[in-house]
Amino acid sequence: MSQTKERLADKMEFPPETQQPNVFPLSWHTQTRKLQEVWEAALRENWDPEKLPWDTLDVESYSWEEREAIGYWWTLLSVFDASAPPVFAQALIKTYEVHEEDPARKCFFSVTRDEQNHEIMCGLAIRKMLGHPDPLTYQPKTDLGRRLQKNAKWLYYNGGRYWNGYKQAVPKYSLAVLFSSFLMGEIAAATIFKQMYENTREAVFKEGFRHIGRDEGRHMAICMAVMERDYPKLATEDKALVTKQIRAGYLFLSAVLFEPPMDFWDLPADFIPNQREAEEVARGAGFGIPTYEAKLQNWRQAMLNMKGVLDRYGIAFPAIPEVGITGEEITEVDMADIIPVF
Ligand SMILES: [Fe+2]
Ligand SMILES: [Fe+2]
């Protein structure tokens with residue numbers, strides 16, 4: 001033992017107070033029953049992407065264009081879902097640091113696990129469709145495939161820009177502020193995966209979408225429970241932050257749930273045409289990506305639901321002119337400002 005280290009146990013009966021925030025709570029309080037229910041559902045609904053019926057997928061029955069288009073969609077999803085495990089792992093640590101109630105810690109643990117499942121699912125689908133484990137180093141077989149790989153590289157570049165900002169934001173803000181844009185994403189995600197489940201022909205993908213949609217529904221319930229618990233006592237300056245976060249969440253998540261807004265996402269001019277072409281090919285092959293119109297309606301509805309929640313707590317909703325929603329004007333949102341959640 002080091003000689004410079006002062007021993008306290010010889011001098012006092014009880015140790016000094018542990019400085020906070022400290023990473024571990026020695027308590028298991030339950031305040032929000034709903035969170036406990038969601039945790040129990042997460043245990044019941046556990047699934048393993050590797051155990052899905054992959055042997056029923058015959059990739060040879062697809063053309064190379066179809067394989068590349070479907071592989072691209074999974075790549076697009078993985079830009080969000082492959083960053084979700086570390087994002088939620090960091091949030092999980094925060095729930096311990098701030099000594100969140102026991103069921104909240106369990107819920108954030110379950111989201112981390114779910115998101116890793118989604119990421120594993122993306123990887124399995126990509127490996128099958130492309131015959132290669134990495135969409136960025138894969139050798140494209142068709143002209144569309146080449147253009148989609150360029151898209152994928154730009155998506156990856158953009159997605160890589162927020163991590164440092166996120167790490168700085170986590171210690172600064174409360175869970176309620178950090179995950180305010182989370183709810184909107186979860187509402188839209190739960191709907192989109194349900195639609196994809198209904199419209200996809202391939203059994204193994206259908207099964208994957210069923211599980212992912214159910215997971216996203218639970219994430220939505222976690223959000224609602226945390227909001228109902230914390231929003232009534234939210235400080236005025238935090239309300240303004242929530243409004244900004246909602247706008248940031250819209251801009252960020254639009255790339256996968258709708259279409260990427262070009263003033264926020266740094267993407268080449270042919271990005272959207274290439275992506276639309278791929279979606280058309282994938283839909284033709286029985287892969288149920290919602291149409292532009294369906295995505296627009298879905299996204300708009302998610303935001304109206306979110307607006308309904310915020311109205312209840314007197315929190316202003318940002319203007320989302322892209323889908324026809326009026327509200328508070330929020331400008332100058334940057335990748336570095338966003339707290340990504342999916
Ligand atoms: Fe997810
Ligand atoms: Fe999620």
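The values are calculated or read from the model by the stated rules, or taken from the named source; none is laboratory data. Only a predicted model underlies this, so the values are computations on that prediction, with no experimental measurement involved. When we count neighbours, we look across all protein chains shown, and the Cβ atoms used for this are built from the backbone with ideal geometry, even at glycine.
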Item to complete: Could you please tell me which pairs satisfy a Cβ distance under 7 Å, a separation of 6+ or placement on different chains, a first residue in segment 239-260 that is closer than 16 Å to Val79 by Cα, and a second residue that is hydroxyl-bearing (Ser, Thr, Tyr) and assigned to a helix (DSSP H, G or I)?
Response: Gly249/Ser181; Pro260/Ser254
Worksheet entry | Residue list for segment 134-149, filter: surrounded by fewer than 16 Cβ atoms within 10 Å (Cβ to Cβ) and either of a type in the set (D, E, K, R) or in contact with a Cys (Cβ under 6 Å, 6 or more places away or on another chain) (or both) | Asp134, Lys141, Asp143, Arg146
Worksheet entry | Condition check for Ala89: among the aliphatic types (A, V, I, L, M) and without any contact (Cβ under 8 Å) to a residue 40 or more places away in the chain | yes
Worksheet item: Any residue in segment 255-276 that is modelled with pLDDT of 85 or more, within 16 Å of ligand 2 (Cβ to nearest atom) and small (Gly, Ala, Ser)?
Response: yes
Worksheet item: Pick from Glu50, Glu68, Glu40: which is modelled with pLDDT of 95 or more, surrounded by 23 or more Cβ atoms within 10 Å (Cβ to Cβ) and more than 14 Å from ligand 2 (Cβ to nearest atom)?
Response: Glu68
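Table: residues versus (1) more than 30 Å from Phe179 (Cα to Cα); (2) polar (S, T, N, Q); (3) within 13 Å of ligand 2 (Cβ to nearest atom).
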{"site": "Ser110", "(1), (2), (3)": "no, yes, yes"}
{"site": "His118", "(1), (2), (3)": "no, no, yes"}
{"site": "Ala125", "(1), (2), (3)": "no, no, no"}
{"site": "Lys128", "(1), (2), (3)": "yes, no, no"}
{"site": "Gly131", "(1), (2), (3)": "yes, no, no"}
{"site": "Thr137", "(1), (2), (3)": "yes, yes, no"}
{"site": "Thr142", "(1), (2), (3)": "yes, yes, no"}
{"site": "Arg146", "(1), (2), (3)": "yes, no, no"}
Discussion item. Of all residues being modelled with pLDDT under 90 and away from ligand 1 (no atom under 16 Å from the Cβ) in segment 217-227, which is nearest to the chain's Cα centre (by Cα)? Just the residue, please.
Written reply: Met224
Worksheet item: Residues that are among the aromatic types (Phe, Trp, Tyr): which helices (runs of 4 or more DSSP H) entirely in segment 1-115 hold 2 or more of them?
Response: 64-81, 84-97
Fill in: Checking Asp114 against (1) more than 14 Å from ligand 2 (Cβ to nearest atom); (2) surrounded by 20 or more Cβ atoms within 10 Å (Cβ to Cβ), the condition it does not meet
(1)
Discussion item. I want to confirm something. Restricting to segment 17-41 and keeping residues that are touching a residue at least 40 places away in the same chain (Cβ under 8 Å) and of a type in the set (Val, Ile, Thr), which single residue is nearest to Lys106 (Cα to Cα)?
Written reply: Val38
